[in-house]
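Input: a single structure, listed below in structure tokens.
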Amino acid sequence: MSGASGTPYAAAVLRALLAAGESVDLVVSRASRLTILDETGIAFRDAHWQEDLRQWLGRGADGKPGTFEVPVDDVRYWAAGDLAAGPSSGSYATKGMLIVPASTACVAGVALGLSKDLLQRSASVTLKEGRRLVVCVRETPLNGQTLKHMVTLDEAGAIVLPASPAFYAGATHIQDLVDFVAGRTLDAAGVPHRLYRRWEGELGSGSAPRGD
């Protein structure tokens with residue numbers, strides 16, 4: 001998770017990964033801690049990350065407390081400054097990596113191979129090992145340099161996925177729009193979910209009541 005605005009996207013992806021039974025290596029950049037604090041009021045701390053993660057994932061996009069129980073045993077947290085962490089090595093086995101949300105600074109760092117922190121280093125490792133890297137870019141408008149960096153990532157094998165919600169799925173709440181982006185991110189990673197209504201080739205189907 002980088003420092004771009006969009007903590008609800010990251011929370012939705014994390015909840016869905018855990019609900020799908022996936023184990024997660026979590027890296028929260030220093031800048032993203034400020035964003036979490038600004039957007040949720042939660043100070044994400046290394047020493048109390050389990051408590052803070054439970055509090056954060058228990059909230060919806062509207063900021064109201066929810067009922068999600070975090071299976072903390074399925075999450076392994078790594079400090080962003082720990083360049084000796086497991087994900088910094090190609091021999092550390094993972095299925096891939098999702099950067100949600102991805103700031104333009106993060107996009108540039110990964111595209112240029114800077115590896116200034118564990119987030120960027122892990123992304124570089126994911127690319128060099130030929131694993132799936134999904135970069136959920138959250139910024140608008142995009143300048144020419146960022147567009148070039150995104151092309152570089154695409155050419156390197158990453159999936160560049162802008163945080164661009166659609167409306168055909170029948171969104172009626174902010175959380176529906178958040179879940180659409182989270183769902184598309186998980187689609188790109190090959191993780192099953194039921195976060196949004198898929199297009200079935202029938203106009204108006206998004207306005208129909210959802211089934212269970």
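Restricting attention to the stretch 118-144, which residues are surrounded by fewer than 17 Cβ atoms within 10 Å (Cβ to Cβ) and among the hydroxyl-bearing types (Ser, Thr, Tyr)?
Listed by number, the list holds a single entry, Thr140.
In the stretch 183-198, is there at least one residue being in contact with a Ser or Thr (Cβ under 8 Å, 6 or more places away or on another chain), in contact (Cβ under 8 Å) with a residue 40 or more places away in the chain, under 20 Å from Ile99 (Cβ atoms) and surrounded by 13 or more Cβ atoms within 10 Å (Cβ to Cβ)? Before you say what the answer is, go through the steps one by one.
Here is the first cut: in the stretch 183-198, the ones in contact with a Ser or Thr (Cβ under 8 Å, 6 or more places away or on another chain) are 197.
If we keep only those that are in contact (Cβ under 8 Å) with a residue 40 or more places away in the chain too, we end up with none.
Scanning the stretch 183-198 turns up no residue that is in contact with a Ser or Thr (Cβ under 8 Å, 6 or more places away or on another chain), in contact (Cβ under 8 Å) with a residue 40 or more places away in the chain, under 20 Å from Ile99 (Cβ atoms) and surrounded by 13 or more Cβ atoms within 10 Å (Cβ to Cβ).
To keep it simple, each residue is scored yes or no on (1) at pLDDT 95 or above; (2) of a type outside the set (Asp, Glu); (3) surrounded by fewer than 19 Cβ atoms within 10 Å (Cβ to Cβ); (4) in a loop (DSSP other than H, G, I, E, B).
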{"site": "Gly3", "(1), (2), (3), (4)": "yes, yes, no, yes"}
{"site": "Asp62", "(1), (2), (3), (4)": "no, no, yes, yes"}
{"site": "Val70", "(1), (2), (3), (4)": "no, yes, yes, yes"}
{"site": "Thr94", "(1), (2), (3), (4)": "yes, yes, yes, yes"}
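Considering only the stretch 139-198, state which residues are hydroxyl-bearing (Ser, Thr, Tyr) and within 22 Å of Ser5 (Cβ to Cβ).
Of everything in the stretch 139-198, those that are hydroxyl-bearing (Ser, Thr, Tyr) and within 22 Å of Ser5 (Cβ to Cβ) turn out to be Thr140, Thr146, Ser164, Thr185, Tyr196.
Looking at this structure, is Leu161 modelled with pLDDT of 95 or more, within 16 Å of the chain's Cα centre (by Cα) and more than 22 Å from Ala182 (Cα to Cα)? Steps first, please.
Values: modelled with pLDDT of 95 or more: yes; within 16 Å of the chain's Cα centre (by Cα): yes; more than 22 Å from Ala182 (Cα to Cα): no.
So Leu161 fails the test.
Has the stretch 115-132 got at least one residue that is assigned to a loop (DSSP other than H, G, I, E, B), touching a Cys at 6+ places or on another chain (Cβ under 9 Å) and closer than 27 Å to Gly81 by Cα?
For the stretch 115-132, residues assigned to a loop (DSSP other than H, G, I, E, B), touching a Cys at 6+ places or on another chain (Cβ under 9 Å) and closer than 27 Å to Gly81 by Cα: absent.
Out of all the residues in the stretch 8-67, which are touching a Pro at 6+ places or on another chain (Cβ under 8 Å), of a type in the set (Phe, Trp, Tyr) and closer than 17 Å to Gly81 by Cβ?
none
Of the numbered conditions (1) part of a helix (DSSP H, G or I); (2) crowded, with 17+ Cβ neighbours inside 10 Å; (3) at pLDDT 95 or above, Leu34 satisfies every one except a single condition; which is it?
(2)
Test of understanding: among Lys116, Lys64, which residue is within 17 Å of Ala31 (Cα to Cα) and of a type outside the set (Asp, Glu)?
Just a single option satisfies the conditions, and that option is Lys116.
Considering each residue of the stretch 37-60, count those that are in a loop (DSSP other than H, G, I, E, B) and at pLDDT below 90, and give that number.
2
Which numbered condition trips up Ala111, out of (1) in contact (Cβ under 8 Å) with a residue 60 or more places away in the chain; (2) among the aliphatic types (A, V, I, L, M); (3) in a helix (DSSP H, G or I)?
It is condition (1) that Ala111 fails.
The values are calculated or read from the model by the stated rules, or taken from the named source; none is laboratory data. Computed from a prediction, not measured in an experiment: that's the story for all the values here. Cβ: placed from backbone, ideal geometry, glycine included. Neighbour counts: every protein chain shown.
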